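Here, each number is a calculation from the coordinates, and none is a lab measurement. Here the structure is a predicted model, which is why all the values come from computation and not from measurement. Counting neighbours? That spans all protein chains shown, and the Cβs are built from the backbone with ideal geometry, glycine included.
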Amino acid sequence: MLQLEHVKKSYDKKEVLTDVTYTFEEGKVYSLLGGAGAGRTTLLECICGDLSIDDGTIVTKEKEDIFLASKQSILPMYISGNEFIHYLCELQKQAREPEYYLERVGLDEKIRSRMICEYTFEEKKRIQLAAYLVQKPYVIMFDEPFDYCSDEYIDMFLRVLNEEAEGHIVIVTTGIFAMAKRIAKDVLVLSNGEINEVTYEMIDIPEIKKAIFDILGELEE
């Protein structure tokens, strides 16, 4: 469980998060949708503790890890993918063999043996996902992870996350309506500094769909 109660955050007297209240449950992948400047990144940074909140509470299981995968991957550039994942597995007592994680994210032996600095953008995304699978934090958050990525990568990413979600909380942000629906059936919309849940049954009701497109500044499909 990850519980947010009346979370507030301002920058230079501008309220970004005005009253965020929501409870995230274990075993689910959450889609967090919002327009430019809505505060998606700010909210994730508050949850993981990178930013302090002005008011409210953020509560999760004691001693459980919270990790944020930011838009820019932070990876060791001058070791191979094999070496990186082997090193992480040595640190985690419950980890499987490194090959398991590398295969899960679709990195073949030829790619694994190269220095990470030689990886393509998408290959770096894959090794980052493998790293999080090894570490298995209780709450894992991905900030717009699909920018400039292929459909094949997106399908793999979502399949792996849904298979690994049991016992964890996964939050994925996006600014695109169609992508939000692809991530999860129910969508959390961040607007005016608050979260509102739009269920699968509600999301294609014309009035609700139009309101979401207005928030995002998108043209309707």
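Karplus-derived 3J(HN,Hα) values for the range 131-138, using 6.51 cos²θ - 1.76 cosθ + 1.60 with θ = phi - 60°, are 4, 6, 5, 5, 6, 6, x, 5 Hz; glycine and proline are entered as x. Restricting the chymotrypsin sites (Phe, Trp or Tyr not before Pro) of the range 19-99 to loop positions (DSSP other than H, G, I, E, B) with no more than 14 neighbouring Cβ atoms within 10 Å leaves Tyr78. If the only charges are +1 at each Lys and Arg Cβ and -1 at each Asp and Glu Cβ, what is the size of the charge dipole of the range 74-136 around the Cα centre, to the nearest 20 debye? Charge dipole, the range 74-136, about its Cα centre: 220 debye, nearest 20. Against the compact-protein benchmark of 2.2 N^0.38 Å, the Cα-based radius of gyration of the chain scales to 1.05. With the cut-off at 1.5 for a/c, could you classify the range 19-62 from its C-alpha gyration tensor as rounded, prolate or oblate? Because a/c hits 1.5 or more and a/b fails to exceed b/c, the range 19-62 counts as oblate.
Counted by Cβ distance under 12 Å from Ser52, the other residues give a net charge of -2, where Lys and Arg count +1 and Asp and Glu count -1. Tell me what the chain gives for mean residue ellipticity at 222 nm when only DSSP H runs of n ≥ 4 count, each as -39,500 (n - 2.57), the sum divided by the residue total, rounded to 500 deg cm²/dmol. Dividing the helical sum by the residues of the chain leaves -10500 deg cm²/dmol.
In order along the range 148-165, the phi-based Karplus estimate (6.51 cos²θ - 1.76 cosθ + 1.60, θ = phi - 60°) of 3J(HN,Hα) comes to 6, 10, 6, 4, 4, 5, 4, 4, 4, 4, 5, 4, 5, 4, 5, 5, 9, 6 Hz; Gly and Pro are listed as x. For the range 1-94, the set of trypsin sites (Lys or Arg not before Pro) satisfying both a DSSP loop assignment and a count of at most 15 other C-beta atoms within 10 Å is given as Lys13, Lys61, Lys63, Lys71, Lys93.
Charge dipole (Cα centre; +1 on Lys/Arg Cβ, -1 on Asp/Glu Cβ; no other charges) of the chain amounts to roughly 420 debye.
Filter the trypsin sites (Lys or Arg not before Pro) in the range 152-197 down to the DSSP loop ones having no more than 16 other Cβ atoms within 10 Å, then list what survives. Answer in residue order: Lys185. Which of Tyr101, Met141, Ile212 sits closest to the plus end of the dipole of the chain, meaning its Cα is farthest towards the positive end, when Lys and Arg get +1 and Asp and Glu get -1 on the C-beta? The Cα lying farthest towards the positive end belongs to Tyr101. The Cβ shell under 13 Å around Leu68 holds other residues with a net charge of -3, Lys and Arg each +1, Asp and Glu each -1.
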